[in-house]
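Visitor: Here you go, one structure.
The values are calculated or read from the model by the stated rules, or taken from the named source; none is laboratory data. All values derive from a computational prediction rather than experimental measurement. Cβ coordinates were reconstructed from backbone atoms using ideal geometry, including for glycine residues, and neighbour counts include every protein chain displayed.
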Amino acid sequence: MFDAVVLAGGGNGGPLTEQEGVSNKAFIKIHGRPMLGYILQALAESELIEKIYVVGPQEELAELLEEGYRFIPVPEAGSLLENAGAGLKQVDPQRLCLMLTADIPLINKEAIEGFLKICAPYDDDFYYPILTRECCRERFPMMKRTYVRLRDGCFTGGNIALLRPVCFNQAYPRLHLFVAYRKKPLKLFRIMPTSFIFKFLLNLLTVADLESYLSRMLQVRGRAVPCNFVEIGTDVDKISDLEVVRQALKKY
């Protein structure tokens with residue numbers, strides 16, 4: 001079993017939160033339930049998840065506890081990385097932990113357990129899901145996502161990861177640029193070696209190349225995990241995203 005850390009901290013100003021009248025998109029209501037509530041329900045239903053920690057604003061988290069959601073609240077600490085660090089301090093540093101963002105309300109038990117099972121035998125320090133453009137567009141053709149073209153195909157990343165907390169702490173100083181550029185692949189490539197960039201421009205760069213380079217850069221044993229669980233990559237960043245997700249969740 002794995003502990004889970006959900007990142008629900010930080011105000012997310014902009015058209016989406018302004019339209020919905022909240023300061024943090026994790027608490028946008030979808031059919032009467034906060035977006036974060038869908039993630040918590042999926043985690044609670046999984047037999048592979050033990051403890052659930054949520055990093056976020058204390059007042060809003062207290063209200064969710066009163067509504068019956070079961071989790072351990074952790075006060076938000078600031079930036080995305082600072083919040084991740086605050087959450088990971090609560091778990092065993094040597095034991096792999098599942099980390100999720102709070103803006104993927106389509107997540108379900110099957111996607112969580114499917115991803116975790118693909119990661120076996122759990123010999124590495126960091127597992128990150130990648131999804132093909134084809135599987136994302138087949139399910140949600142109207143949603144715009146950031147894709148990276150590699151020799152193996154066009155991929156986008158998911159919004160969950162399985163990681164060993166002790167390695168996060170070791171790589172913390174080098175993670176800032178990757179987080180800042182996580183949705184700007186061209187800027188991300190600019191901080192990489194020239195040979196790496198040429199391979200990308202010539203469409204010779206592979207998933208294995210990325211694994212190898214990022215593992216060396218962050219000094220961890222990392223692995224990309226190809227999967228087709230579109231729910232883990234369908235995050236709500238824009239008003240149009242929210243409309244698609246609300247339509248998909250009508251049956252719930």
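Visitor: Of the numbered conditions (1) part of a helix (DSSP H, G or I); (2) touching a residue at least 40 places away in the same chain (Cβ under 8 Å), E82 fails exactly one; give the number of that condition.
Guide: E82 satisfies every listed condition except (2).
Here is a yes/no grid of residues against (1) loosely packed, with under 15 Cβ neighbours inside 10 Å; (2) within 19 Å of the chain's Cα centre (by Cα); (3) on the phi < 0 side of the Ramachandran plot; (4) at pLDDT 95 or above:
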site: V207; (1), (2), (3), (4): no, yes, yes, no
site: E211; (1), (2), (3), (4): no, yes, yes, no
site: S215; (1), (2), (3), (4): no, yes, yes, no
site: V220; (1), (2), (3), (4): no, yes, yes, no
site: V225; (1), (2), (3), (4): no, yes, yes, yes
site: F229; (1), (2), (3), (4): no, yes, yes, yes
site: I232; (1), (2), (3), (4): no, yes, yes, yes
site: K238; (1), (2), (3), (4): yes, yes, yes, no
site: Q247; (1), (2), (3), (4): yes, no, yes, no
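Visitor: Kindly provide the set of residues from the stretch 88-106 that are assigned to a loop (DSSP other than H, G, I, E, B), within 11 Å of the chain's Cα centre (by Cα) and not acidic (D, E), ordered by number.
Guide: Hits for the stretch 88-106 are A102, I104.
Visitor: Would you pick out the residues in the stretch 5-34 that are surrounded by 20 or more Cβ atoms within 10 Å (Cβ to Cβ), touching a strand residue (DSSP E or B) at 6+ places or on another chain (Cβ under 8 Å) and farther than 23 Å from L163 by Cβ?
Guide: Residues satisfying the conditions are N24, F27, I28.
Visitor: Still on this structure, I have one more. Of the residues in the stretch 47-71, how many are outside any loop (DSSP other than H, G, I, E, B), in contact (Cβ under 8 Å) with a residue 12 or more places away in the chain and surrounded by fewer than 18 Cβ atoms within 10 Å (Cβ to Cβ)?
Guide: So the count comes out to 3.
Visitor: Here's another thing I want to ask about it. For the stretch 222-252, what are the residues that are part of a loop (DSSP other than H, G, I, E, B) and either without any contact (Cβ under 8 Å) to a residue 40 or more places away in the chain or under 19 Å from G158 (Cβ atoms) (or both)?
Guide: Across the stretch 222-252, the qualifying residues are C227, N228, F229, T234, D235, V236, D237, K238, L249, K251.
Visitor: Still on this structure, please answer the following. What number goes with the only condition from (1) in contact with a helix residue (DSSP H, G or I) (Cβ under 9 Å, 6 or more places away or on another chain); (2) over 23 Å from E134 (Cα atoms) that D235 does not pass?
Guide: It fails just one condition, (2).
Visitor: Looking at the structure I just gave you, is N159 of a type outside the set (D, E), modelled with pLDDT under 90 and either closer than 28 Å to I107 by Cβ or surrounded by 14 or more Cβ atoms within 10 Å (Cβ to Cβ) (or both)?
Guide: Answer is no for this residue.
Visitor: Of everything in the stretch 127-161 that's assigned to a strand (DSSP E or B) and aromatic (F, W, Y), which residue is farthest from I39 (Cα to Cα)?
Guide: F155
Visitor: So, one more: Cβ contacts < 6 Å: first residue among the aromatic types (F, W, Y), restricted to the stretch 31-46; second residue part of a loop (DSSP other than H, G, I, E, B) and at pLDDT 95 or above, any location; separation 6+ or different chain. Result?
Guide: Y38/P105
Visitor: Being among the hydrophobic types (A, V, I, L, M, F, W, C) and farther than 14 Å from V236 by Cβ is the requirement here; does I52 meet it?
Guide: Answer is yes for this residue.
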